[in-house]
Amino acid sequence: MIKTAAIKSMEGAFSVAGKNVVVTGGATGIGYGIAAAFAQSAANVAILDIRDDREAAAADMRGCGVRSEAFECDISDIASVKAAVSAVYGFFDHVDVLVNNAGVGATTEFLADRDMGEWHRVIGINLQGAANMIHTVAPRMKAAGLGGEIISISSVGGQRILNLQNGHHTPSYSVAKAGIDHFTRYLAADLGAFGIRVNAIAPGPTHSNLDAELPPAAIASVEKDLPTHRFGEPIEIGALCVFLSSPAACQITGCVYAHDGGQLCVS
């Protein structure tokens, strides 16, 4: 059994310097913000992404003076995950933090989803993809005996039903994110004896690839109703990831943190 070390003072309490971090979907959007937050906090970052711009993202991270490399990975394909993780462990001797960020949106009404193709695609990436990563990385974390942190990016959509009258027919997305939340709690209980903490972050309206095509009027309407009156920024999600990976958060596990500008409070 590994007990997480309690902090004795505030010296270095928020530091993640030197930690080795893996971020899925780290080439753009929220994932890029997470990778940047870690790199700017002196952590080394491996970016796993299916997008070609992953190499440019890793170069940006190296500009912060840390070690960073990009690896091609389709998280919905377990063979791709195993190959990418093997490559990561050729780059890092161990992994301290795994951030499951990669995901896709959904637009099709459930009963109009021909052959349930979108359902399987979204569940396969947003839920099964995270499971593939954890199933591959967590045993290595356990074997290393160094503890670690697993953070999955969920969504407030896993905790509320979106406005169907406005065309938000996204059951596959919401179901996958709700699954991430409960999976987080299970894993926290299961992996705690190995010093591995597991938490999730549930973003609300946040500037990312998913909102890029929204008209300005739609964004303004959402912002009007938020207590903070603005969308979140990707690096703010990254800042919470950094905190949850720091010694200051050593007693936090099994939690789902809403990062939503107060959206769940008012809707």
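The values are calculated or read from the model by the stated rules, or taken from the named source; none is laboratory data. Bear in mind that the values here come from a model prediction, so they are computed numbers and not experimental data. Glycine also receives a Cβ, built like all others from the backbone with ideal geometry; neighbour counts cover every protein chain displayed.
Checking the structure you have, find out if any residue of region 218-237 is among the aliphatic types (A, V, I, L, M), modelled with pLDDT under 85, touching a Phe, Trp or Tyr at 6+ places or on another chain (Cβ under 9 Å) and part of a helix (DSSP H, G or I).
yes
Among ALA27, ALA42, ALA35, which is the only one that is hydrophobic (A, V, I, L, M, F, W, C) and more than 30 Å from PRO171 (Cα to Cα)?
ALA42
Criterion first (crowded, with 16+ Cβ neighbours inside 10 Å, closer than 23 Å to GLY26 by Cβ and among the small types (Gly, Ala, Ser)) does SER174 satisfy it?
Criteria not met by SER174.
Which pairs do you get when a residue that is in contact (Cβ under 8 Å) with a residue 12 or more places away in the chain and under 20 Å from ALA43 (Cα atoms), found in region 67-95, comes within reach of a residue that is in a loop (DSSP other than H, G, I, E, B) and aliphatic (A, V, I, L, M), reach meaning Cβ atoms under 7 angstrom, with the pair 6+ apart or on two chains?
Close Cβ pairs satisfying both conditions: VAL88/VAL95; HIS94/LEU146.
I'm checking my understanding of the structure. Among residues of region 178-220 that are aliphatic (A, V, I, L, M) and in contact with a Gly (Cβ under 6 Å, 6 or more places away or on another chain), which one is surrounded by the most Cβ atoms within 10 Å (Cβ to Cβ)?
ILE196
I'd like the full set of residues that are under 11 Å from the mean Cα position of the chain (by Cα) and assigned to a loop (DSSP other than H, G, I, E, B), limited to region 9-40.
Once the filter is applied, which keeps residues that are under 11 Å from the mean Cα position of the chain (by Cα) and assigned to a loop (DSSP other than H, G, I, E, B), region 9-40 yields GLY25, GLY26.
Could you grab me the full set of residues in region 145-160 that are more than 13 Å from the chain's Cα centre (by Cα) and either at pLDDT below 90 or hydrophobic (A, V, I, L, M, F, W, C) (or both)?
Matches in region 145-160: LEU146, VAL156, GLY157, GLY158, GLN159, ARG160.
Looking at (1) basic (Lys, Arg); (2) closer than 18 Å to GLY148 by Cβ; (3) out of contact with any strand residue (DSSP E or B) (no Cβ under 6 Å at 6 or more places or on another chain), which is the one condition that is false for ARG67?
So ARG67 meets the others, but not (3).
Could we say that SER80 is of a type in the set (S, T, N, Q), modelled with pLDDT of 95 or more, within 24 Å of TYR32 (Cα to Cα) and in a helix (DSSP H, G or I) here?
Considered against the rule, which asks whether it is of a type in the set (S, T, N, Q), modelled with pLDDT of 95 or more, within 24 Å of TYR32 (Cα to Cα) and in a helix (DSSP H, G or I), SER80 comes out as yes.
Of everything in region 198-233, what is without any contact (Cβ under 8 Å) to a residue 60 or more places away in the chain and of a type in the set (Ser, Thr, Tyr)? Give them in sequence order.
If the condition is that a residue be without any contact (Cβ under 8 Å) to a residue 60 or more places away in the chain and of a type in the set (Ser, Thr, Tyr), then SER221, THR228 are the ones that fit.
Taking only region 227-239 into account, find how many residues are out of contact with any Asp or Glu (no Cβ under 8 Å at 6 or more places or on another chain) and either among the acidic types (Asp, Glu) or closer than 14 Å to GLY261 by Cα (or both).
Of the residues in region 227-239, 6 are out of contact with any Asp or Glu (no Cβ under 8 Å at 6 or more places or on another chain) and either among the acidic types (Asp, Glu) or closer than 14 Å to GLY261 by Cα (or both).
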